[in-house]
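As structure tokens, the structure follows; a few thoughts come after it.
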Amino acid sequence: MLRSLSSRLLLAFTFVILLSLALSAVGTLFLLRAQQREAAEERVGRLAEPITLAVALLEQRSLGRGEIQAVLRDYAESFDVRVLLLDEQDQVIFDTESSLVGRTIDAFRGLGVQVTRRGSSEFRMVSYDAGSEDLLLFAPAQETLRLPANRLLALMTFIYSTDTSSLPPDVLADLLASAGAERIVPGPSARPLVAVPEGEIASAWWDILPQLAIAGGIALAASAVVAVVISRSISRPLGRITRAAQEMARGHYDQELDLHGEDEVGRLAQAFNDMTRQVSGSHRMMRDLLANVSHELKTPLTSIQGFSQALEEGTVSSPEEYRQAGRIINEEAQRMRRLVEDLIELSRLESGQAVMQHEPVDLAELLRVCAGRFDWQLRESGVTVRLEIEPLPPMAGDGRRLEQAFTNLIDNAVRHTPQGGEITVRAQVQDGLVSAAVHNTGSYIPPEDLPRLFERFYQLDRSRSSGSGGAGLGLAIAMEVIQAHRGEIRASSDRERGTEFVVTLPLDGEATPADDRE
């Protein structure tokens, strides 16, 4: 299961989520522990004054000790606390749990106990060792009991949160009447104390554990859903890329991923699509290369084999026939040699092994020399050459390679210009760039064929390749040379105007190997 990227991502996300929740829970408990303790102390401490007041009012109504103790039991049960009743000598005369009766508790005697403030409540609080456990004892902040008007809310809350059925009606009425205005009530002769186990206060923070657990469970479930979505959003595109790569390994190169985005996965998918197109193109070019090389070599090999066999069998007898056979064999061998040399040159250019020189080049003179090489050939065909070359500043580059490129372009124009046509060679400087163009009339290249003109062995009319002497490598070599000089070459064609190749080169650009170009 953990062999897949999705499962590993999900496991990693789950571990991070659990670790984060655990650290958050520990930090929350650490921060809330003191707050929960103070809240528990406030909850118990705020009972001390109302209970003491109730005992004082019950004594004023001359209720018996047994009735007062019954009321205190109701209080203890209602508020889940322990109530002690001390006489004037601080001896416990009543304990709702009975275990401390008869003991003397003088912890509140004198002024040694400071008043504790928790929220809006004030009370006194001390720790007491009860033998089997430690207790926290709570008493009112002041010995004198006052009922100002602002105590109304607290007193009414206390009364209505208690089972008041145990209070005599006249006592309840007196409590309600006393809450409306400030009144001083003498302290009771039997002083009540509110007590709770100290461990219960210290562990008050445990009360928030269920809420934290529920919140943590909800957060874990929500985070798990998000983790699943995120892991799948990452693993699914990668899985599609992997399957497409496996299909390519099986020889199915027509793979295209419809994944988009600016993130790493989207860029990876785009890079994969670019790679598939390049691999598919390279595979097609390799097939075309094999087919074209076979086609280009078939004719000269057939001629060489036929004439050599004739020489061997003695069918050639006269000196003239010997000379003709030797001339044909020599021409076909030279044709094969030129083909092999062009292939080697093109491979060196494409692989970056060809070293480009960086020296001043007079491009205007170079174009004139290249055009002049075809004078004799053009006289026979009746094609005219027109030069429209403006004065050009020297440019940096490899003169021999540039001469080869422009010779190939002009040779291509010569071979595809019909008798009586015209070839124009133009050159000028525009915006710091040299623009050189070779235009010929009478030829037309369909728009669908223009992108493939610079491929190896690509020819519009394959039947003319043998007679024209071209193998379809000249334009591919020209493009590699121009790109090695950080230039561009493009072709355009029109039925009426003819075909034009335009080369753009930087004046100050240093020629670079092919493998350094973008």
Over region 264-348, what is the relative contact order in percent, taking alpha-carbon pairs closer than 8 angstrom and at least six residues apart? 28 percent
With each label point set 7 Å from Cα along the Cα-Cβ vector, what nm distance links Glu200 and Ser318? 13.6 nm
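Going by C-beta contacts inside 10 Å, put Thr299, Thr504 in order with the fewest on the left.
Thr299, Thr504
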To one decimal place, what Kirkwood hydrodynamic radius in Å is obtained for region 264-348 from all pairs of distinct Cα atoms? 16.1 Å
Counted neighbours (other Cβ, 10 Å), sorted fewest up, put Phe374, Phe15 in the order Phe15, Phe374
Placing each pseudo-label 7 Å from Cα in the direction of the beta carbon, Gln357 and Arg337 end up separated by a distance in nanometres of 2.3 nm
So for Thr14, Thr499, fewest C-beta neighbours within 10 Å to most, what's the order? Thr14, Thr499
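None of the figures in this text is laboratory data; all of them are computed from the coordinates on show. On a predicted model such as this, the values are computed, not experimentally measured, just so you know. Virtual Cβ from ideal backbone geometry, glycine too; neighbours counted across all protein chains shown.
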